[in-house]
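Please read the structure below before turning to the comments.
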Amino acid sequence: MRFWLRNEEMALEEMVQRLNAVSKNTDEIMHQDIVPLCAADIREQLKKRFAYLSGGRGQDGSPVITFPDYPAFSEIPDKEFQNVMTYLTSIPSLQDAGIGFILVIDRRQDKWTSVKASVLRIAASFPANLQLVLVLRPTGFFQRTLSDIAFKFNRDDFKMKVPVMMLSSVPELHGYIDKSQLTEDLGGTLDYCHSRWLCHRTAIESFALMVKQTAQMLQAFGTELAETELPNDVQSTSLVLGVHTEKKAKAKEDLQLALKEGDSILESLREPLAESTAQSVNQDQLDNQATVQRLLAQLNETEAAFDEFWAKHQQKLEQCLQLRHFEQGFREVKTTLDSMSQKIAAFTGVGNSLAHVQHLLKDLTSFEEKCSVAVDRARALSLEGQQLIENKHYAVDSIHPKCEELQHLCDHFAAGISRRRGLLSKSLELHSLLELSMKWCDEGIFLLASQPVDKCQSQDGAEAALQEIEKFLETGAENKIQELNRIYKEYECILNQDLLEHVQKVFQKQESTEEMFHRRQASLKKLAAKQTRPVQPVAPRPEALTKSPTPSPGSWRSSENSSSESSALRRGPYRRAKSEMSESRQGRSSSTGDEEESLAILRRHVMNELLDTERAYVEELLCVLEGYAAEMDNPLMAHLISTGLQNKKNILFGNMEEIYHFHNRIFLRELESCIDCPELVGRCFLERMEEFQIYEKYCQNKPRSESLWRQCSDCPFFQECQKKLDHKLSLDSYLLKPVQRITKYQLLLKEMLKYSKNCEGAEDLQEALSSILGILKAVNDSMHLIAITGYDGNLGDLGKLLMQGSFSVWTDHKKGHTKVKELARFKPMQRHLFLHEKAVLFCKKREENGEGYEKAPSYSYKQSLNMTAVGITENVKGDAKKFEIWYNAREEVYIIQAPTPEIKAAWVNEIRKVLTSQLQACREASQHRALEQSHSLPLPMPPSTSPTKGSTRNVKKLEDRKTDPLSLEGYMSSSLPKPPEKGKGWSKTSHSLEAPEEDGGWSSAEELINSSDAEEDGGVGPKKLVPGKYTVVMDDEKGGPDSLALRSGDMVEVVEEGTEGLWYVRDLTSSKEGWVPASSLSTLLGKSSSAQCLSSSDSSPGSAVLSNSSSCSEGYPTPFSELQG
């Protein structure tokens, strides 16, 4: 660095000296150091032409200055005259001026008095040496005679340092000066143009000034460049280099303009010389030409000096920029290598399973590949620094240590990678050994579990089982852990606490397995040896052959054992038989233990599959996010993205990144924590069930993603990304992975539950399975829900979506058009129903054309029913798949036909749950209000036996009914209930006082009876008694004196249930009424059925209240005509 600065100072000093010389030489050339006058300064005075330097020379080379006839000569100011004389005498070279000037004064047209004054003025003011003064006196006879006489008498007045010659004619002048050196007006042949001479002089002097200013400008610019401090960053250095280069270009441009100007002047001077003959060559023109050539030489010298300095300065800036690039690259690479080394140092885990270690090795390889770019850059940067040193860079003392540090960092990182790979390789080796041992143990347990105990009772079976065991034990030499201490010593570098415990567990399992084999061997050897003893033929006792005709498995085994024991007693002592019985029981318990081990193996297999597929799933998501999603933001890939794909990353990938972070950071780690207890994996699912809701968002976006993919699948961007990732499948296959994964979990949970029936976590597994299935249902339902079109409100306000499905629907209502009612009975409408907590939506399903998700149906909204005004009839005559949904006390009735009876039952149960929850909420609110008003309100009278129809009652009466404190139980407090009024239906008298009295309130008895008649089914009777019409199938033989007597064939109406198990019944045949015990009534009615008009099949008063409350409405539906599709 110091050497470079010294060289730069020397270069600047040399350039300054050379440019100072140029300025000095320019002044000398133009005589500016003696007479600082320029033609431009006295241009107007020179234009008067009262004196001029024609370029002529005397015989000895003296310059000739001509004073032409100028009438106003005497009027010229002294200052102007002096300036012109001074300037004209400064033009010739110093050598010519030293000889002396010849003055030619032409006064042929003037008077003698003027001649005398002119000569005296010139003699007094001429600033240079004079050699000769030649005066052409006036040519007029009088003036000439006067001049001769006056000159003789006034000779003393003309005494000067040089002789003054009075000439009478031009020929006399030629005797002193050759004609070739005189202008045409003096009879000579010298080519002279005063305006041209003045233009040339002005141009030459302007060019000289330009040369001088250029030299001074380059000198100042060079000083500025040399004094500029070098920046410390790449950007600033590049900026300085750019600015200096731009200024240099501007200076060179000015220099070229000056050279061009000089060449132009030189060319203009050469033209008249080329045209004139040798006799008429003007010496002043030759001198001007020589002057311009000398100025051009000085200008070339200026350019050469500056170019030499600039080359050194530019090299300095370029080397500085190289240094700054090197330093910036060094800082970036050093930061990257330090970060990578820290990450390597932070990777302390050695894996907790073989698959985990393989995964860590794969991650290490991937990490090394990603880091190889930085390592290669570091090595390339080190080579670049070495190259700078070889090229004699001025900052060698700064570059060399950085190159050594880069090499050290690369070696340190490579050593860290190698050390990390060595530890993982050791871990892989250990886990492979442990895996072999566990596999050997599992296979051994499976072998023991697969040996049938009954076949081992024979000699051949026992020997065959022994051979299998011995053959299997031979494989233990290469699969077992031989010495635990050797394992500790050999793998000491990776044995942390967890891995040490794992090794000990595997070794304990290995010892337990060997012990099981040894016990089995001992048992089989005894069985084989027992069969070799001779058996004496003994006739069987009759009682030994007696067996139960249909023995249970336990008794069969017991009898078999007792038979073998009796023969053993006959063969030997009792102690021996007792020993064999004990061995038999141990065999059975061993078989049970083997079965548990087999289930544990199967659970472990399911867990391994769950973990392996989970890791693969996380890797695939990361691959898609890095290889596709991140590349959409890469500027280098922007030209490959089509217009239709721009700014649509969120549509294409949905919330895949959110799914990835959940599985990678949370769920995968929690699954790995259950590797030793697979049966407890259900808790992982239950604890994270809320997070699994993110799949619903992904699936809802899937149709939009599929549509976008179908439009842009041919985009070069996808092809390039697939090529980089080396994927055989296109992106759409990977976008389907989350959908496939969420459905895979329920299959794995089913398998795990299958092998964990008696384990600790079985209940959690069952609950987790149910929750996952619920999520799948919610996802499926939401996919249908988002396809609804035409609904003005917010579907979220309707509560949770409980069920959805397609049905055939018939409609009928009291206020509809006749034509609509008639058509509705014959032709069903196909409707897709959505059951929410607060409403039922009727939609028309419309199939769309297309493929994949584009072919998914959409649903046009037609009608909705508020659940607060809905009631149901569970059975409809003639079809077990039909049920009714009726609205506003059966003003509108919808007959729903499900595809199967099972679907119908599911819907009816779900609707019943909704209505029950509404009733419960209504009761709780009513009881709460009753408690608040019990001290202020009087006890209300019993309700009217006939509900008022129409909306003529005001809202206040409805509220009075809702807040009535009397309950249904209080209303039926007597031991024998009071019969309902004659001719009135059950629902008119026995409903709770909570029921409203408006049109949307309880259904009337007439409505119930008519509905039952129309919908009576001859199928299977109800399991519980409910109000309705029945046919008596047998005579009442146990009727009491107070009970109603019934006969077979009578048509009866069961009105209501009273207390103490009694039902109030009306005999429609005999028109008698009375109370009948429920047990007797069930026997008398048998399987006779009744249409159920209630919202549930229960026959309790609560169910009646449920039916009535379900038809209570706070709002009215839209007209029925809108339901028609």
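Remarks
- Exposure ranking of TYR660, TYR745 by accessible area [1.4 Å probe, largest first]: TYR660, TYR745
- Stretching LYS800 away from THR900 to a fully extended chain increases their span by 33.6 nm, per 0.36 nm per residue minus the current alpha-carbon distance.
- Extension gain, ASN300 to GLU404, is 32.7 nm, computed as 0.36 nm per intervening residue step minus the present C-alpha separation.
- Area of MET803 that stays accessible when all protein chains are in place (1.4 Å probe, Å², to 10): 30
- The largest accessible area among HIS639, HIS194 belongs to the first residue in HIS639, HIS194, and the rest follow in falling order (1.4 Å probe, all chains).
- Among the listed pairs LYS754/LYS777; LYS777/LYS904; LYS362/LYS402, those beyond 29 Å (Cα-Cα): LYS362/LYS402
- Among the listed pairs LYS439/LYS471; LYS79/LYS212; LYS509/LYS744, those with a Cα-Cα distance over 22 Å are LYS79/LYS212; LYS509/LYS744.
- Stokes-Einstein translational diffusion, segment 356-423 - Kirkwood Rh over all Cα pairs, 1.306 mPa s, 10 °C, in µm²/s: 118
- Applying the criteria of a DSSP loop state and at most 13 other Cβ atoms within 10 Å to the GluC sites (Glu not before Pro) of segment 451-493 yields GLU483, GLU492.
- The shape of segment 705-758 can be summarised by an equivalent ellipsoid whose semi-axes, obtained from the alpha carbon gyration tensor, come to 36, 13, 5 Å from longest to shortest.
- Efficiency of FRET from Cβ geometry, ASP714 and GLU847, R₀ 30 Å, rounded to 0.05: 0.65
- Heavy-atom accessible area, probed at 1.4 angstrom with all protein chains present, ranks THR475, THR643, THR66 as THR643, THR475, THR66, highest first.
- Sites GLN504 and ASP792, calculated FRET efficiency, Cβ-Cβ separation with R0 60 Å, nearest 0.05: 0.30
- Exposure of ILE481 as accessible area (Å², to 10), given a probe of 1.4 Å and all protein chains: 10
- Measuring only protein heavy atoms, the 1.4 Å probe finds ARG710 accessible over about 90 Å².
- Residue-span extension gain [LYS362 to ALA630] - 0.36 nm each, minus C-alpha spacing: 94.3 nm
- The eigenvalues of the Cα gyration tensor, multiplied by 5 and square-rooted, give segment 601-688 an equivalent ellipsoid with semi-axes of 36, 12, 9 Å from largest to smallest.
- Förster radius 45 Å - calculated FRET efficiency between GLN314 and SER264, Cβ distance, rounded to 0.05: 0.90
The values are calculated or read from the model by the stated rules, or taken from the named source; none is laboratory data. The structure displayed is predicted, hence computed values, not measured ones. No Cβ is skipped: glycine too gets one built from the backbone with ideal geometry, and neighbour counts run over all protein chains shown. Just the protein is used for accessible areas: all its heavy atoms, side chains included, with ligands, DNA and RNA removed. Shrake-Rupley method; radii C 1.70, N 1.55, O 1.52, S 1.80 Å.
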